[in-house]
1. Condition test on Val135, is it free of Cβ contacts under 8 Å to residues at least 24 places away in the same chain and β-branched (Val, Ile, Thr)?
2. Is it true that some residue in the range 226-235 is under 28 Å from Ile168 (Cα atoms), touching a residue at least 24 places away in the same chain (Cβ under 8 Å) and in a helix (DSSP H, G or I)?
3. Specify the residue that is farthest from Leu17 (Cα to Cα); the eligible residues are those in the range 116-156 that are under 23 Å from the mean Cα position of the chain (by Cα) and of a type in the set (Ser, Thr, Tyr).
4. Filtering the range 30-70 down to residues that are aliphatic (A, V, I, L, M) and touching a residue at least 60 places away in the same chain (Cβ under 8 Å), which residue is farthest from Leu98 (Cα to Cα)?
5. Could you tell me whether the range 178-193 includes any residue that is over 30 Å from Gly3 (Cα atoms), at pLDDT below 85 and part of a helix (DSSP H, G or I)?
6. Just to be sure I understand, how many residues within the range 97-113 are within 23 Å of Cys27 (Cβ to Cβ) and either aromatic (Phe, Trp, Tyr) or in a helix (DSSP H, G or I) (or both)?
7. Say whether the condition of being surrounded by 12 or more Cβ atoms within 10 Å (Cβ to Cβ), β-branched (Val, Ile, Thr) and within 30 Å of Trp65 (Cβ to Cβ) is met by at least one residue in the range 140-154.
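The values are calculated or read from the model by the stated rules, or taken from the named source; none is laboratory data. Source: prediction; values computed, not measured. Ideal geometry is used to build each Cβ from the backbone, glycine not excepted, and the neighbour counts take in all protein chains shown.
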Amino acid sequence: MTGYEKLSRLIGVYPELAIYRKFSTLCAKMLLYKQAELQHLENELDIISQIDSHDSEKSVFAVSWKAIDKGLTEGGDNLQKQKISEINEKLSEYYSALLKVRQVHSLAKPADSDINFLREWLERPDGGDYSIKGVEAEPWKLCRAADLVTLSQSDGRDVFAQSLSDNILPWYHRHFGHRQKGATKLNDGLDNIWEYKHENFVVLGNIICMVLSSVIPTTSMFALYFVKSVVARLAVITVMSFFFSFVMMVVVHGRRVEVFTATTAFAAVQVVFVGGVDIISSS
């Protein structure tokens, strides 16, 4: 079993590998052609309308749709109705294409770990073994990375966990994972595949967030307690507030308004803590 049959089985077992090209440039060209075609049809309709406006029998077309429709059903030479019907059909196709393109562009990009694995599998002797060649192998090349989408539902995925997977997993597998974890063996001719669950990286991300949420405030309090200089304390508040906002934005992926509100509150808590320390020291 080779080629598309083996690749389709792989995608069937691992839906996250359902990665395809969206052909952005080709799609844009087709839309531009449809747009240009409609532009010509619109101009032709304008010309026909102007000609009909000078005809004593057809001048009524400008104010009555019934007159346009009746002119065709009675067998008259009604180019305007014919052109309207043609435009209506082409416009429907054009709008349908626009909506479909919008749906395709709303699809998520594949995770780096998924596309990297797929490229590596296509080259492995026990995988794709270069059976898909030439122009048909183009979709998975590095130069097409920006043009790829995944059909796997990834909207609800933990962004931080995915980032950990993309950056840590290759290093971990290269040095430790391939020795400690046995390869998955399936009955579909898909052997020697190491599977790492996304949920494990979600747990790791939660642990990191838990540690940071405890370490940042306590570190700030210890620093502010032992630092006596006012300028140094202000510097500590600034640095810790910046670090807190960085974690909120990069690790937690909070919204800007949430990051701003939380950072302001954290800075205020530090200021209150400094005031409390000064009162205790004075007493």
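1. So Val135 passes the test.
2. no
3. It comes out as Ser154.
4. Checking each candidate, the answer is Met30.
5. yes
6. Here the count works out to 9.
7. no
One line per residue, one yes/no per condition, for (1) modelled with pLDDT under 95; (2) in contact with a helix residue (DSSP H, G or I) (Cβ under 7 Å, 6 or more places away or on another chain); (3) surrounded by 15 or more Cβ atoms within 10 Å (Cβ to Cβ):
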{"position": "Ala62", "(1), (2), (3)": "yes, yes, no"}
{"position": "Glu74", "(1), (2), (3)": "yes, no, no"}
{"position": "Asn78", "(1), (2), (3)": "yes, yes, yes"}
{"position": "Ile87", "(1), (2), (3)": "yes, yes, yes"}
{"position": "Lys100", "(1), (2), (3)": "no, no, no"}
